[in-house]
1. If you average the sequence gap of Cα pairs under 8 Å that are 6 or more apart and divide by the length of region 358-510, what percent do you get for the contact order?
2. Express the relative contact order of the chain as a whole percentage, based on alpha carbon pairs under 8 Å and six or more residues apart in sequence.
3. Explain nothing, just compute: Karplus ³J(HN,Hα) = 6.51 cos²θ - 1.76 cosθ + 1.60, θ = phi - 60°, for every residue of region 421-433 in order, whole Hz, x for Gly and Pro.
4. Based on the alpha-carbon gyration tensor of the chain, what equivalent-ellipsoid semi-axes (square roots of 5 times the eigenvalues) come out, in whole Å, largest first?
5. Cut-off 19 Å, label point 7 angstrom out along Cα-to-Cβ of I654: give me the residues of region 625-644 whose amide nitrogen falls inside.
6. Length gain on complete extension for the stretch E625 to Y523, per 0.36 nm per residue less the alpha carbon to alpha carbon distance?
7. For each pair in K132/K266; K65/K199; K109/K333; K199/K266; K61/K266; K65/K267, compute the distance between the two Cα atoms and list the pairs where it is over 30 Å.
8. So what is the relative contact order of region 383-464, in percent, for Cα pairs below 8 Å that sit 6 or more residues apart?
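The values are calculated or read from the model by the stated rules, or taken from the named source; none is laboratory data. Remember, predicted model here, so these are calculated numbers, not experimental data. Cβ: placed from backbone, ideal geometry, glycine included. Neighbour counts: every protein chain shown. Each accessible area value is taken on the protein alone, full model and side chains, heavy atoms only, with ligands, DNA and RNA left out. Shrake-Rupley method; radii C 1.70, N 1.55, O 1.52, S 1.80 Å.
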Amino acid sequence: MKRYLTIAICTAFISQFLSATIIHIPEDYPEIQAGLDAAADFDTIYVSNGVYYENIIYPWKYGIKLIGENRDSTIIDGNSQGKVFGMAHVNFEPFEYFDPSWDTTTVIKNFTLQHGFDTGSSGLLIYGGSPKIENLHIRNNYTDNDVSQVTQATTVLVDMNGIFNNIEISENILYGQISNGGINGGGLSLIGELGGTYKNLYIHDNEINSDHLNRGAGIFIHFDWSSVVDTLTLDSIVLENNIARTSDGSNFGGGIYVDQFVNDDKKTLVLTNSLIQNNICRGVSGENSGSFGAGILTRRVDLILQNTIVQENAGVFSNIFGIGIGVNEAYIKLIDSQIRYNIAVSDSLGEDNSAVGGGINILCHQNDSCEVFGVNSSIHHNQASGGGGLYLSGQSQFLIRGLEFRNNFAISSGGAINANSYETINITHSVFKNNVSGDTGGAIESSASVNLLNSVLINNMAINHGGSVYISMIGDYGYTAVHYDNVISQLNSPEEICMSFTHDYSVVDIFHSLIDKNYDDIYNEIPLYGLDSGDTLTLNWVNNLVDVDPMFVDPQSNDFHLQENSPCIDAGDPYLPLDPDLTISDIGAFYFHQDWDPVPGDMNIDGGVNILDVVLMVTIILWEEPNSWDLWAGDFNESGSINIQDIILLLNVILDQ
């Protein structure tokens, strides 16, 4: 019975599709709305060039294709009488809900939508279904909302699972005088299901302006209980010249704002092949005004940028947190991307870090750790009061991996990174070059321990103290304040490492690194000021190369890979994991790949397995801690250590040769 019912339904749909007609506007009907009302399922409506003064309400019908002759000259003008174009499967007064009839056979394309006026969505509303929306220009719409609570006041509101492609949204204004709430999405708001495809969006010159809270002058995104996806991808988008402006409140996201419900599973926003530039968060001077993420702000939503540039965004006249990108309780990963030339403009720059995180600002309290990962990506030429490239704050551990920081500037602290954290800052496989601080911490300033692994620090400068690392206020007890392992550090001034306000005792480790100063130079520079009588400093110095050329490939062009004769190859910490080529770790941010055939059991790395390897294995068991190569070559039983069973297995290998 079910089979026959399905066949009957399919037959009816096919019959309707084959009987579909073509309606021409204005030849058959003078108005687009009249043509839509007259159309049957699967009809096509062609609209000739012209200006149509209408406020469209799309009918609940299947498969209608509404196609303009030319995007720029086929114009639907709302004439400031309401929203220009509405597709909603809900009537609110009285409330009625309809199953959305719009799937991808429903097509709307080749129109300009302009001069809408509404307290909700003034330009375009798509609420439900999965239509195909293509090649629209939505411009010069105005939303005015004077309410006392948060509302979905926006220019374009999309809650669907369809296709949203090749859309330009420009020169729209979203305004509100709101005493307790905010307005969202000067250009576009994506909410609800978020299951659609969003590609080739050009969103520019939109403004969002209220006296309380602005979120997303370009795009506002909200994951909620109805979202059908955990990851939303925006591909090939350009957001530029959007502005969030407040007279007495806060701005969140000059380009993009994204968040999610607190208790939901973690969501992710992915931006690919995109450009976020020249967006502005503009506030006023004073304690009540703040801006967060002039380019992008994400709250509790992980962010991945792939082949994307965030540049030349600005925070103006307010307390500013994250001029390029602001991240709150989330992870960020950069792949083939750049965060560059983002700046703060304020009358209080330099005062108590009023503008922090020129490139990125991360606030993280709730997670065990917050991570910033990079693959072939850089944070450069950004400027702020504190943390020219990156500002970290919160009670979580932070991990920074695989990033290049260069030519960033901080007026007061941390040219590349300023960490105001309670937990250790772990930095690995990263490069710091030509970063400058007007006071302390040319490359890095931190109020907690800094652990640097396989990184490069070159030509960083602080005007006062700590060319590479400056540690401030590390507490009333002693611990390892700075740890270098496999680090290359050269030409940093005035000192390599400086600490202030230390108590009891402090420890600095420099292990298996290449550095242009000797033990005495480093030791004498560290306790520059702030030490109390009786405080002690320990400098642990192990197997370092002093004042040696690391032999980079091309440091002038920021290529810090090693040449094949570099003294840094296989000179790193033998107790760290082996490099991917199964050799002892190299010093520096990038290992040099060696082509060779490692042999299990070859403890002394002479190319063979023999009794000498047994002797070495016995020596390790009796007196030494096995390093990473020892464990790879000799831990036959994969116990995580070298023991008598491994000797027996090694002897079997020798006897079987």
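1. Details: 552 pairs, mean separation 26.1, N = 153.
Once divided by the residue count of region 358-510, the mean separation gives 17 percent.
2. Working: 2209 pairs, mean separation 30.4, N = 657.
Relative contact order, the chain: 5 percent.
3. Karplus values, whole Hz, x for Gly and Pro: 10, 9, 10, 4, 9, 9, 10, 9, 6, 10, 10, 10, 9.
4. Values: eigenvalues 650, 212, 74 Å².
Working from the Cα gyration tensor, I get semi-axes of 57, 33, 19 Å.
5. Only 630-637, 642-644 pass the distance filter.
6. Values: separation 102, 0.36 × 102 = 36.72 nm, distance 2.85 nm.
Taking 0.36 nm per residue and subtracting the Cα distance, the gain is 33.9 nm.
7. On the way: K132/K266 28 Å; K65/K199 20 Å; K109/K333 35 Å; K199/K266 23 Å; K61/K266 36 Å; K65/K267 34 Å.
Listed pairs above 30 Å: K109/K333; K61/K266; K65/K267.
8. On the way: 272 pairs, mean separation 24.8, N = 82.
Taking the mean separation of contacting Cα pairs over the length of region 383-464, I get 30 percent.
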